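A.B. asks: Provided herewith is a single structure, encoded as structure tokens, for subsequent inquiry.
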Amino acid sequence: MVRCIDWRDGAVVLVDQTLLPDEERWLRVTDVDTLVGCIARLAVRGAPALGAAGALGVALAAARHADPAEVAAAADRIRSARPTAVNLGRGVDRALARLAGGPPAVLAEARAVLEEVAASSRAIGNRGADLLADLCPPRPLRVLTHCNTGWLAAVEWGTALGVVTVLHQRGRLDRVYADETRPLLQGSRLTAYELARLGADFRVVVDGAAPSLLARGLVDAVLVGADRVAANGDVANKVGTYPLALAAARSGVPFVVAAPESTVDANTPTGAAIPIEERDPTEVAPAGIPAYNPAFDVTPYDLVTAIVTGCRIIRPNRPGPNRTDEERP
């Protein structure tokens, strides 16, 4: 399977997601500043892929700077490129921890992060499809997604869209409703692009229409990704996720989050402590018009049916030790 980001011949190679679906352009990134720019302008995005990008960026820095202080400074620039997704900083920290072993050790750790992200996505896909088989009617399902959570966001395969892929392969997928997803239309541009390649039946819907689909009984499950999961189960995801969770709760529809284990942040107690990235107002309003443009919102844990990771299922509403299903490899 093609990866959205990889290491090849001494450089980071990634698909420029800002140009999709009109153009599939691959970039060869050989310096940290260019990689930081790619992260900031969303040429590479999605929490799992950002974890890989963070680690590979440190590998770039280690290969080009003999001074550990310069590598550490480069790592700080990468880590701060986007604040909400915890995976970016974790990828940076993992690779940076191997700096004493020299550039080969740093690169080996970055490649390990890359492989783990890819493997986690496949495990999430299977575990999430099994869960929906338990939660939903025994027929092909109508699923609503938000933002982009396929291979473009997760190196390969995907998180929430990885679950969709498994459902499709099992003959358990009827239709996907893909929210357009503001502010950069990552659903109508990227998710639609991936679903078309998959051959799945889908419809793009504007964000404001999605809750009404739930109210009309047209959706069997809401399936989203996450950029950070707080210790109490609160979930940060692309802005517009919270209204979907409210509508799902009102309609009695499962609201399932699919994300790698590295997105669960025990150091963030609740969603109130998650930094919310604010982007350029010109992404949503004409130049000179003031606008509030948050990239993410936080869904409270009590609206989340389950969080599916690569090794477990977390049910935030359950008390104590029953909160997490038995872990399986």
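The values are calculated or read from the model by the stated rules, or taken from the named source; none is laboratory data. This is a predicted model, so every value here is computed, not measured. Glycine gets a Cβ as well: all are built from the backbone with ideal geometry, and neighbour counts include every protein chain shown.
A.B. asks: Against the conditions (1) over 20 Å from T181 (Cα atoms); (2) surrounded by fewer than 24 Cβ atoms within 10 Å (Cβ to Cβ); (3) touching a strand residue (DSSP E or B) at 6+ places or on another chain (Cβ under 7 Å), where does G288 fall short? Just the number, please.
C.D. replies: Checking G288 against (1) over 20 Å from T181 (Cα atoms); (2) surrounded by fewer than 24 Cβ atoms within 10 Å (Cβ to Cβ); (3) touching a strand residue (DSSP E or B) at 6+ places or on another chain (Cβ under 7 Å), the one that fails is (3).
A.B. asks: Since L107 meets every condition but one in (1) buried (at least 24 other Cβ atoms within 10 Å of the Cβ); (2) touching a residue at least 60 places away in the same chain (Cβ under 8 Å); (3) closer than 22 Å to A66 by Cα, which condition does it not meet?
C.D. replies: (1)
A.B. asks: Failed condition for G240, given (1) closer than 17 Å to D297 by Cβ; (2) of a type in the set (G, A, S); (3) in contact with a strand residue (DSSP E or B) (Cβ under 6 Å, 6 or more places away or on another chain); (4) in contact (Cβ under 8 Å) with a residue 60 or more places away in the chain, with all others met?
C.D. replies: (3)
A.B. asks: Checking the conditions here, which among L50, L14, L56 is part of a strand (DSSP E or B) and either of a type in the set (G, A, S) or crowded, with 18+ Cβ neighbours inside 10 Å (or both)?
C.D. replies: So the residue among L50, L14, L56 that is part of a strand (DSSP E or B) and either of a type in the set (G, A, S) or crowded, with 18+ Cβ neighbours inside 10 Å (or both) is L14.
A.B. asks: On the basis of being outside any loop (DSSP other than H, G, I, E, B), within 28 Å of D220 (Cβ to Cβ), in contact with a strand residue (DSSP E or B) (Cβ under 8 Å, 6 or more places away or on another chain) and in contact (Cβ under 8 Å) with a residue 24 or more places away in the chain, does A272 make the cut?
C.D. replies: So A272 does not fit the description; no.
A.B. asks: In region 67-122, which residues are among the basic types (K, R) and in contact with a Phe, Trp or Tyr (Cβ under 9 Å, 6 or more places away or on another chain)? Don't jump to the end; show me each part of the working.
C.D. replies: Start the filter on region 67-122 by keeping residues that are among the basic types (K, R), which leaves 77, 79, 82, 90, 94, 98, 111, 122.
Once the filter is applied, which keeps residues that are among the basic types (K, R) and in contact with a Phe, Trp or Tyr (Cβ under 9 Å, 6 or more places away or on another chain), region 67-122 yields R111, R122.
A.B. asks: Checking the structure you have, find out if any residue of region 194-210 is in contact with a Pro (Cβ under 7 Å, 6 or more places away or on another chain) and crowded, with 19+ Cβ neighbours inside 10 Å.
C.D. replies: Taking region 194-210 and keeping what is in contact with a Pro (Cβ under 7 Å, 6 or more places away or on another chain), we get none.
Checked region 194-210: no residue is in contact with a Pro (Cβ under 7 Å, 6 or more places away or on another chain) and crowded, with 19+ Cβ neighbours inside 10 Å.
A.B. asks: Please go through region 17-33 and give me each residue that is outside any loop (DSSP other than H, G, I, E, B) and either touching a Cys at 6+ places or on another chain (Cβ under 6 Å) or surrounded by 16 or more Cβ atoms within 10 Å (Cβ to Cβ) (or both), ordered by number. Break it down into steps so the answer makes sense when it comes.
C.D. replies: So the first thing to find is which residues in region 17-33 are outside any loop (DSSP other than H, G, I, E, B), and the list is 26-29, 32-33.
If the condition is that a residue be outside any loop (DSSP other than H, G, I, E, B) and either touching a Cys at 6+ places or on another chain (Cβ under 6 Å) or surrounded by 16 or more Cβ atoms within 10 Å (Cβ to Cβ) (or both), then L27, V29, V32 are the ones that fit.
A.B. asks: OK, next. Tell me the residue from D302, D297 that is surrounded by 11 or more Cβ atoms within 10 Å (Cβ to Cβ), modelled with pLDDT of 95 or more and part of a strand (DSSP E or B), please. Step through it out loud before you land on a result.
C.D. replies: Numbers: D302 fails: part of a strand (DSSP E or B).
Going through D302, D297 in turn, the sole match is D297.
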